[in-house]
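Values in this text are rule-based calculations from the coordinates and carry no lab data. All of these numbers come straight from a predicted model, not from anything done at the bench. Quick reminder, even Gly has a Cβ in these numbers, built from the backbone with ideal geometry, and neighbours come from all protein chains shown.
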Amino acid sequence: MALTLGETAEKVPVPPVAGGRRRRPPGAVVSDHLRSRWQLWLMLAPAIALTVVFAYVPMYGLQLAFREFDFAQGLTGGDWVGLAYFRQFFASPLFWDLLRNTVAISLTTLVVGFVAPIALALVVNQVVGRRRKRFLQTATYLPHFISIVVVVGMLQVFLNPATGVLPRSLGLLGVEGGNLLGSTSAFVPVYVISEVWQHCGWNSIIYLAALASVDPQLYEAARVDGASRAQTVRHIDLPALVPTMIVLLILNMGGVLNAGFEKVFLLQNPLNLPVSEVISTYAYKIGILSSQFSYATAIGLFNTLINFVFLVVTNQVAKRVSNTSLW
């Protein structure tokens with residue numbers, strides 16, 4: 001009904017929220033949460049402080065990628081050059097070689113290193129006997145604790161063309177082993193195999209934890225129905241691993257261009273340099289050895305942005321396809 005002259009509209013009462021309680025301001029909710037759970041936040045405080053100091057505070061130096069670094073004026077005192085260093089990197093004759101080498105090493109390691117822990121977890125889960133299963137788990141994840149320098153030293157001991165165990169053994173059989181450490185065609189397989197050997201067992205732990213949460217009644221029902229081991233793995237184990245696989249795949253895609261700097265750098269030599277020079281090692285040589293800090297910062301920022309794009313795209317695809325994502 002329309003209001004007549006002299007009448008005033010009455011204020012419509014605001015309905016209370018469910019349960020008859022009024023909606024509290026966000027500040028009061030946060031205050032009550034901190035007051036009731038201050039012990040948990042106190043335990044998290046050191047981790048939060050370390051993350052802020054070592055992950056977020058260094059982002060202040062990213063502006064160096066857009067400035068001409070001046071030792072006398074510091075990070076913010078150099079002249080602003082915009083995207084000049086990015087253009088210099090894109091125009092460099094090494095750009096496509098670096099990108100190709102980085103993608104080849106990273107994607108091969110990602111694919112093989114992603115499938116191998118799943119296969120190992122499925123095999124370990126099928127082992128009968130607690131002692132044998134524990135021994136197999138321990139034997140496979142112990143290499144994870146070996147230093148990268150030691151692993152590279154082991155590779156040189158085994159693959160050295162003159163004194164290596166593998167070339168000498170192949171020589172006794174009449175097979176020419178060749179220089180695997182200096183071969184451009186063997187560098188990626190050697191790197192990937194060493195990565196899988198070192199980290200496969202450790203990465204399988206999270207899949208074993210996911211398999212441990214499977215209801216034992218499912219296995220009993222499968223045995224009653226006469227399912228083989230392959231059918232049990234296909235219809236019980238793999239579906240249980242899918243959510244974990246998707247989350248780990250998304251996290252791994254966030255570092256798709258982060259080829260392991262330490263191992264790649266230690267395995268480099270003049271013979272395999274055409275395939276072993278990646279973005280991270282090139283940025284180290286440009287920034288640290290050649291003191292071109294602004295140029296190296298631009299290269300590192302480009303690498304990080306590409307990884308971030310891969311992470312976001314993979315997360316969105318996984319969210320639409322499987323309804324599983326990080327956010």
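Tabulated values for the structure
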item: Nearest 10 degrees, 0 to 90: helix 187-203 Cα axis against the chain principal axis; result: 50 degrees
item: Ranked list, fewest to most other Cβ atoms within 10 Å of each Cβ, for ILE105, ILE299, ILE236; result: ILE236, ILE105, ILE299
item: Principal axis dimensions, largest first and in whole angstrom, of region 169-327 by Cα; result: 66, 54, 21
item: Electrostatic dipole magnitude of region 84-322 [Cβ: Lys, Arg +1; Asp, Glu -1; Cα centre; debye, to 20]; result: 380 debye
item: Two-site label geometry, ASN269 and ALA28: point separation in nm, points 7 Å out along Cα→Cβ; result: 7.3 nm
item: Sorted peptide list for 261-273, 86-98, 222-234, criterion being average Cβ within 10 angstrom, highest first; result: 261-273, 86-98, 222-234
item: Cα long-axis angle, helix 38-51 against the chain (0 to 90 degrees, to the nearest 10); result: 50 degrees
item: In Å, descending, principal axis extents of the Cα set of region 121-202; result: 43, 28, 20
item: The chain - convex hull of the alpha-carbon atoms, volume per residue in Å³; result: 324 Å³
item: Net charge of neighbours whose Cβ lies under 15 Å from the Cβ of VAL312, counting Lys and Arg as +1 and Asp and Glu as -1; result: +2
item: 0 to 90° range, to nearest 10: angle between helix 238-253 axis and the chain longest Cα axis; result: 80 degrees
item: Residue exposure sequence - HIS33, HIS199 - by fewest surrounding Cβ within 10 Å; result: HIS33, HIS199
